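Step one of this worksheet: look at the structure below.
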Amino acid sequence: MEEHTGLPKTFEEFVEARKQGFLTVKEFKENGGKLAGCLCSYTPHEILDAAGVATVGLCGTSNETIPDAEKVLPKNLCPLIKSTYGFAYSDKCPYTYFSDIIIGETTCDGKKKMYELLAELKDVHILQLPQGQDRPYAKDIWYEEICLFREAMEKKFGVEITEENLRKAVKKRNRLRKALCSMYQLQETCPPALKGTEMMLALQQGTFTFDLEKQIANIENKVEQARKAYAAGERPVSASAKRILLTGCPSGGVIQKVGMVIENNGGVIVCLDDCSGERTNKLLIDENADDILRAIADRYLSIHCSVMTPNDGRIDNTKEMVEKYKVDGVIEVVLQACHTFNVEATQMRRMVEDAGIPYMKLETDYATSDSGQLETRIAAFIETL
Amino acid sequence: MYQVGIDIGSSAAKAAVLNEGKLVKTLLLDTGFSGRNTADRIYGMLEQEGITKENAAYVATGYGRISVPYADRTVTEITCHGKGSWFLFQENGTVIDVGGQDTKGIMLKNGRIMKFVMNDKCSAGTGKFLEVMTNRLGLTLEELSGLASLGNPVVISSMCTVFAESEVISLIGKGTPREDIAFGIVESVVEKVVQLISQVQGDQYFLTGGLCEDEYFCGRLSHSLKAPVKSMPEARYAGAIGAALLAEE
Ligand code: SF4
Ligand code: SF4
């Protein structure tokens, strides 16, 4: 494993935007910046914040590096996992390339086994998640993991992670969470104040901004502007657009393929119900808790994701969202070979249909080969609403 | 005022013309290489009968719906098959459309689409599968059904068209009677279709698309579904008829 300080060998072949990305991160590192790559909503960001380490989301959302990844990983694996690994393998992502460490969790089988191979290329720290939240000792196990993580980061970066800094980090992260929730809530009105895809793109951009303060400001600005424009009578979405809740696997890789297609065919995404949405971000951390580390641990463990069993909390939450956002139809995206979301889709479908709302599941990957077919299904679904 | 529906499928293009709520004309063409070309040919054929932009509204559907430049709008084949089938059958049930590259199941209730399913990228259980197999046996579709009705059960287990083709080749190699192979091929399609539409089950079914006049196929489907499967010659045009119904004046 090598620490990267220089540029990758293939740098000269990159297009301008990518070169620029590399140069920006290189500069950040040269000025003493530390960078951790994160891949999941369960990553306790506050620990890294308090260690003075910037975080960046490395969740693979592009098909580009999948052929590279398939030299090592099996074909029949979730595209998110392949794409993420492929970026590390091919040195094509500046954030992956320059990250000092990558933080993973024992979530789904594909991811946790991929980390073993990723560890050949990068320094990786794995947090072991319990398989469910309902055992009396689950919280303790996870708390122990967080303590280990804290120690590991202190050692790796030669810093002390103080209680004061943890509290500061919690406050800041809570602000980000509140800002994100106020962005999601822009969609409550009919018609909503934003296109859902605009929101998805803003979110994606956010994960690449390593200045947290700036990230919060960007979101707050966006919300402010959208509110003003709406108050001034601007309506970016037609009032007749069908209101869609998008649930399932992380949707960052299918913004074009599913998100845009929904919004180009008479629909609008009013609720983004993947793990980067309201379900996760409405969970705040008690800033004044006696044991702040415990409070951090408890909050992260309470996130509802299909990797947990049981996971009724996700279904219950979606039920609430369907009412809150006056949803006309639910579309679930399952990434190819994602067993946990795919199986859980049955429970999701039952709940949605029992609520009298049409439901459609799409299984897809990041390739464009099924775009025509997907477009027909999405357009037809919206036509029937 | 005429209402014209144009359904550009992956292998066949269909057109239907309505006048005062009645079906007055249908056309059937090979889609060929260019959907755009086919669409222009349809326009020309209708023009000769006095149906033009001046006195008609056009809606395009099907996989090539975007290649009909004179269409007033496009609607997906799901909605169109649903509407068209309701026009033809006027009863609650599930529409089964075995198309050139997609197979769909559409649950209809009081003229509304309640739910639909469509096969994924794979061509098992579609017209494509039958086309590959009939070519391999050197038969037309009618001949295949005719032979199958005389055959004894042979199982073709591969779902994938490519693997199933090799399976057929090895059956031919082993000297399995053609009737039996034909039987296996039809059953394979029936099985896949039944599996696909298990989520949109109905008390009765309506078969639309290119296989609608194939009594043997209808019979086998009905046998597997344990429910009646109705069809009629016009059902081939269900998509186009649905599109025509959606063409506003
Ligand atoms: S879907 Fe679950 S496992 Fe995947 S990133 Fe989100 S929380 Fe983590
Ligand atoms: S989408 Fe599913 S398979 Fe892919 S990384 Fe997330 S949990 Fe794992």
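The values are calculated or read from the model by the stated rules, or taken from the named source; none is laboratory data. Just so we're clear, the structure is a prediction, and the values are computed from it rather than from any experiment. Heads up, the Cβs are rebuilt from the backbone with ideal geometry, glycines too, and the neighbour counts pull from every protein chain shown.
Here are some notes:
- Residue check: A:LYS326 meets all listed conditions (1) surrounded by 17 or more Cβ atoms within 10 Å (Cβ to Cβ); (2) at pLDDT 95 or above; (3) out of contact with any Phe, Trp or Tyr (no Cβ under 9 Å at 6 or more places or on another chain) but one, namely (1).
- When residues of region B:232-244 are limited to those that are surrounded by fewer than 21 Cβ atoms within 10 Å (Cβ to Cβ) and in contact (Cβ under 8 Å) with a residue 60 or more places away in the chain, the one farthest from B:GLY84 (Cα to Cα): B:MET232
- When the helices (runs of 4 or more DSSP H) confined to region A:52-152 are screened for residues that are of a type in the set (Asp, Glu), those reaching at least 1 such residues are found at A:66-69, A:109-118.
- The numbered conditions (1) within 29 Å of B:SER10 (Cα to Cα); (2) among the aromatic types (Phe, Trp, Tyr); (3) more than 14 Å from chain B (Cβ to nearest Cβ) are all true for A:TYR325 except (1).
- In region A:289-298 there is no residue matching the filter, namely being within 16 Å of ligand 1 (Cβ to nearest atom) and over 30 Å from A:GLU164 (Cα atoms).
- Hits in region B:119-155 - residues which are surrounded by fewer than 19 Cβ atoms within 10 Å (Cβ to Cβ) and within 14 Å of chain A (Cβ to nearest Cβ): B:ASP120, B:LYS121, B:CYS122
- Any pair with Cβ under 9 angstrom, 6 or more apart, that starts in region A:265-284 at a residue that is within 14 Å of another protein chain (Cβ to nearest Cβ) and ends at one that is within 16 Å of ligand 2 (Cβ to nearest atom): A:GLY267/A:ILE331
- Among the residues here, A:ILE262 does not qualify as away from ligand 2 (no atom under 16 Å from the Cβ), under 24 Å from A:GLY206 (Cβ atoms), away from chain B (no Cβ under 14 Å) and crowded, with 21+ Cβ neighbours inside 10 Å.
Residue-by-condition table, conditions (1) within 16 Å of ligand 1 (Cβ to nearest atom); (2) in contact with a Ser or Thr (Cβ under 8 Å, 6 or more places away or on another chain); (3) modelled with pLDDT of 95 or more:
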{"site": "A:GLU213", "(1), (2), (3)": "no, no, no"}
{"site": "A:LYS228", "(1), (2), (3)": "no, no, yes"}
{"site": "A:LYS242", "(1), (2), (3)": "no, no, yes"}
{"site": "A:LEU246", "(1), (2), (3)": "yes, no, yes"}
{"site": "A:GLY253", "(1), (2), (3)": "yes, yes, no"}
{"site": "A:VAL258", "(1), (2), (3)": "yes, yes, yes"}
{"site": "A:ILE269", "(1), (2), (3)": "no, yes, yes"}
{"site": "A:LEU272", "(1), (2), (3)": "yes, yes, yes"}
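- Within region B:27-54, the set of residues being within 15 Å of the chain's Cα centre (by Cα) and not hydrophobic (A, V, I, L, M, F, W, C) comprises B:ASP30, B:THR31.
- Check on B:LYS25, in a strand (DSSP E or B) and touching a helix residue (DSSP H, G or I) at 6+ places or on another chain (Cβ under 6 Å): no
- Restricting A:THR346, A:THR368 to residues that are more than 8 Å from every other protein chain (Cβ to nearest Cβ) and at pLDDT 95 or above narrows the list to A:THR346.
- Among the residues of region B:47-77, the ones that are within 13 Å of B:GLY9 (Cβ to Cβ), within 12 Å of chain A (Cβ to nearest Cβ) and surrounded by 24 or more Cβ atoms within 10 Å (Cβ to Cβ) come to 5 in all.
- Scanning region B:102-116 for residues that are part of a strand (DSSP E or B), surrounded by fewer than 24 Cβ atoms within 10 Å (Cβ to Cβ) and more than 9 Å from chain A (Cβ to nearest Cβ) turns up B:MET107, B:LYS109.
- Among residues of region B:197-220 being of a type in the set (A, V, I, L, M) and under 14 Å from the mean Cα position of the chain (by Cα), the one that is nearest to B:VAL95 (Cα to Cα) is B:LEU207.
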